Amino acid sequence: MVTIHNHGFPRIGKQRELKFALEKYWHGASTEQALQQTATDLRQQHWQLQSGLDLIPVGDFSLYDQVLDMSFMLGNIPSRVRHLQGSSLDNYFRVARGRATADETTCSCVRAGEMTKWFDTNYHYIVPEFDQATDFSLHAESLLAQIRQARSQNLDIKPVIIGPVTYLWSGKAGDGSNKLDLLDRLLDVYTDLLQALADLGVQWLQIDEPVLVTELATDWQQALKQAYERLSHGTIKILLATYFGDLQDNLTLACGLPVNGLHLDVINAKQEVDKVIAALPEKVILSLGVIDGRNIWKTNLTATLDWLEKIYTRLQDRLWLAPSCSLLHVPVDLDSEQQLDKEISAWLAFAVQKLDELTVLARALNNGRESVSDLLADNAAAIKRRQQSSLVHVAAVKKRVDEVDETMAARRSNYPQRAVIQNKRLQLPLYPTTTIGSFPQTKVIRHARSDYRKHLVSEQQYVETMQQEIARCIREQALLGLDVLVHGEPERNDMVEYFAEQLTGYVFTRYGWVQSYGSRCVKPPIIYGDISRPEAMTVDWILYAQSLTDKPVKGMLTGPVTMLNWSFVRDDQPRSATCMQLALAIRDEVDDLEQAGISIIQIDEAALREGLPLRKKQWHSYLDWAVRAFRISANGVNDETQIHTHMCYSEFNDIIQAIADMDADVITIETSRSNMELLDIFDAFQYPNQIGPGVYDIHSPNTPTVDSIVELMKKATLRIPAQRLWVNPDCGLKTRQWDEVIPALRNMVAASKKLRKSV
């Protein structure tokens, strides 16, 4: 009989219960006991939704981030936090966000841990911190308590943890030491953890090592051998899980590790299945990730069974089935979407439905296809309807893409010539100040948007409310003394969804929330068909804001690559083709903004790097079409129009040439949490254009001081001439409150003035 299991379930809840419980606790309106009760209730609900599985994951639930959970379980807590007063949960949130609750004293507010993307996903994790003196100790109480809770429900479980090598690989050694020097110390604690789990009667443990789908140097490959030689001596059975890619040159290594089972992401590595079967020892379990854990399209169950049945004949009980990776990356339940277009809804599967698909595959293998014939027939009909639907393909859009030529990707003049023209037009001071785009989304804004969607207010009333909020943003920025203003984006629910709602080829969910980090949830729109822009999307809002001030107001757009990477993307054509459709739509908006007289246009590409393939040898192909798409979107303007772009929370040093090739006049980036270390690349790379290194960590409620901002900018001037530096936060301000934003920006402006005097 085939065994079915899961790697992880979305933790936020169908109605984002975890988000609201966290924020209530952080604001001091709830207790730790109430927060933990919400967590307990959610775990129980999620286990119930997975009750059809043979093994249910435990340990996949987190109050903020599973990597941060692992750091605390291993006793790897930054020294700046370790000795502060309060509970372990207080310190946990201090590392996550800089403070535990709203009433933290100044001495308890610290620098939050650095945050970056988990492999090539849009999930952000808190980066583990190491140095030569890092020591580890086991603190597994939370995981053990979750196991006991699941056992009380009579569930067959499989704890899930991050593997030791992936944990080290995903961390950062602040003193430049070799992280692998810590492996022996780390394995001592992992050994203790496995023993603690065995003492509880745990039979199977899933250890995630997605590092195996990356290019590994010899020492990291050796670390995997060393780690699993140590961990294999206990009585607990280990399922080693890889995902997000194929094994390639790590295949022999993965198949030779002394574990009891190996998971392969078949969505990305189907071509390796036969090789893995041939290389695995005879008694080792093979788990195949046959359901896409990162996208929302129905699985073609008949086509999957056509090749899976042959494997089942060979492996029998050695075959396990699962989603390709944790379902953390998809919404919870499609059944919540009662307002979604019925035709398109029939093509989709969220987390609950993906587990249903898994159950159908298992029943078909165990009992024959006839046992699920009706379900297979329904699935096949849905797949066929999607393939033949007139909603998907638009000849005019494809024709326009075919007509794109390289002249559309080039600015009229090179950057030095453009800079002279733009400086003359804009007349900005040294160290010009700006923000990334959004300002706080107040209750007034949210209620107005909700009322408008429910037809409780007229369009005129809605527009007037938004204009009042735009006027407030312009007024506050003028009082603060910012040099380049933004309209604040009150009309935008999300930087992707707002634009997607005005393009063809997109559909939207009401409850399709996915966790990005902590309590931050996004609702990715779904690209189901060809994309075009019927009419202008932002011009009226920006022109209204510009009418209120003599200072330049930036036109604010989301770039084509970010629109692509932060959506659920159609899987029936190359991603590059979809991205070019998006680029042409954004290009039309850029042209309209310029013709309306807007002098600065920002095209955010926050997600450029996260689309990189996990193996560097595949980077060139991706960056070639991604950078081309950005240039197509941006470069229809005249030299006097200044193009900005923004990238947040991603290591960009290894793609700096591609970023330079984008040829944006100004790029703004996140550097505050890394203490400007992200600028180290500029010691060797002569970046030609202007750059705004973020000096204000907007994901923390802490207020940056004038001196701290000045110090950060002085570090930046060691690498970038002051004449090409901007001063700005590291991201948009929509998640913050006005009483947090104003003092932070006031200090930022004061720091800029202080810097000007020092020149």
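Quick notes on this one:
- Close amide H pairs (under 5 Å, H built 1.01 Å from N) link CYS521 with SER516, residues at least 5 positions away or on another chain.
- Long-range amide H partners of GLY174 with built H, under 5 Å: PHE130
- Surface accessible to a 1.4 Å probe, CYS473 within the full protein complex, Å²: 10 Å²
- Heavy atoms of the protein chains alone define the surface here; on that basis the chain has 38 Å² accessible area per residue at 1.4 Å probe size.
- Each residue of the stretch 156-167 is assigned a 3J(HN,Hα), and the resulting list reads 8, 10, 9, x, 10, 9, 7, x, x, 6, 4, 4 Hz, derived from the Karplus form 6.51 cos²θ - 1.76 cosθ + 1.60 (θ = phi - 60°), x at Gly and Pro.
- Residue-wise HN-Hα coupling along the stretch 384-396, computed from phi with Karplus coefficients 6.51, -1.76, 1.60 (Hz; x: Gly, Pro): 5, 4, 5, 4, 9, 5, 6, 6, 7, 10, 10, 4, 5
- [x] 18, 51, 26, 6, 0; [y] 16, 50, 31, 3, 0; [z] 15, 40, 28, 14, 3, 0, with the label sought being that of the calculated P(r) over Cα pairs in 20 Å bins from 0, in percent: [y]
- With a 1.4 Å probe rolled over the protein heavy atoms of all chains, the accessible area of GLU740, GLU640 falls in the order GLU640, GLU740, largest first.
- Considering all C-alpha pairs of the stretch 222-303, those separated by over 17 Å amount to 49%.
- Qualifying lysines (Cα of each under 27 Å from Cα of LYS616; at least 8 residues distant if same chain): LYS117, LYS172, LYS179, LYS225, LYS270, LYS275
- Diffusion constant of the stretch 471-591 at 4 °C, which comes from Stokes-Einstein with the Kirkwood Cα-pair radius and 1.567 mPa s, µm²/s: 82 µm²/s
- The orientation-averaged projected area of the convex hull spanned by the Cα atoms of the stretch 94-202 comes to 9.5 nm².
- At most 10 other Cβ within 10 Å, DSSP loop - GluC sites (Glu not before Pro), the stretch 40-140: none
- Taking trypsin sites (Lys or Arg not before Pro) across the stretch 322-418, the ones in a DSSP loop with at most 15 further Cβ atoms lying within 10 angstrom of their Cβ are ARG412.
- For the Cα trace of the stretch 313-354, dividing Rg by the Kirkwood Rh returns an Rg/Rh value of 1.17.
- Extension gain (nm, one decimal) between GLU501 and ASP540, 0.36 nm per residue minus Cα-Cα: 12.4 nm
- Per residue convex hull volume, Cα atoms of the stretch 1-86, in Å³: 108 Å³
- Amide H contacts under 5 Å for ILE238, placed H, 5+ residues apart: LEU205, ASN260, GLY261
- If you wrap the Cα atoms of the stretch 57-105 in a convex hull and average its projected area over all directions, you get 3.7 nm².
- Rounded to the nearest Hz, the phi-derived 3J(HN,Hα) couplings of the stretch 460-477 under the Karplus curve 6.51 cos²θ - 1.76 cosθ + 1.60 (θ = phi - 60°) are 4, 4, 5, 4, 4, 5, 5, 5, 4, 5, 4, 4, 5, 4, 5, 4, 5, 5, where x marks glycine and proline.
- Counting only heavy atoms of the protein chains and using a 1.4 Å probe, ASP274 has close to 90 Å² of accessible surface.
- Computed over all pairs of different Cα atoms, the Kirkwood value for the hydrodynamic radius of the stretch 247-388 is 16.1 Å.
- Nearby lysines by direct alpha-carbon distance to LYS298 (threshold 17 angstrom, same-chain neighbours under 8 apart not counted): LYS342, LYS354, LYS384
- Convex hull volume of the Cα atoms of the stretch 682-759, normalised per residue: 88 Å³.
- For the chain, the 222 nm mean residue ellipticity estimated from helices alone, with every DSSP H stretch of n ≥ 4 adding -39500 (n - 2.57) and the total spread over all residues, rounds to -12500 deg cm²/dmol.
- Taken over the stretch 1-155, the alpha-carbon convex hull comes to 143 cubic angstrom per residue.
- Relative to the current alpha-carbon distance between ASP572 and ALA596, full extension at 0.36 nm per residue lengthens the span by 4.9 nm.
- Inter-centroid distance (Cα atoms) of the stretch 675-743 relative to the stretch 480-505, Å: 22 Å
- Bridgeable lysines around LYS753 (alpha carbons under 29 Å apart, same-chain partners fewer than 8 residues away excluded): LYS424, LYS551, LYS554, LYS714, LYS715, LYS734.
- The accessible surface of the stretch 136-215, taken with every protein chain in place and a 1.4 Å probe, is 43 percent carbon and sulfur.
- Rg to Rh, two decimals, where the stretch 383-491 supplies the alpha carbon set and Rh follows Kirkwood: 1.16
The values are calculated or read from the model by the stated rules, or taken from the named source; none is laboratory data. Remember, predicted model here, so these are calculated numbers, not experimental data. Counting neighbours? That spans all protein chains shown, and the Cβs are built from the backbone with ideal geometry, glycine included. Just the protein is used for accessible areas: all its heavy atoms, side chains included, with ligands, DNA and RNA removed. Shrake-Rupley method; radii C 1.70, N 1.55, O 1.52, S 1.80 Å.
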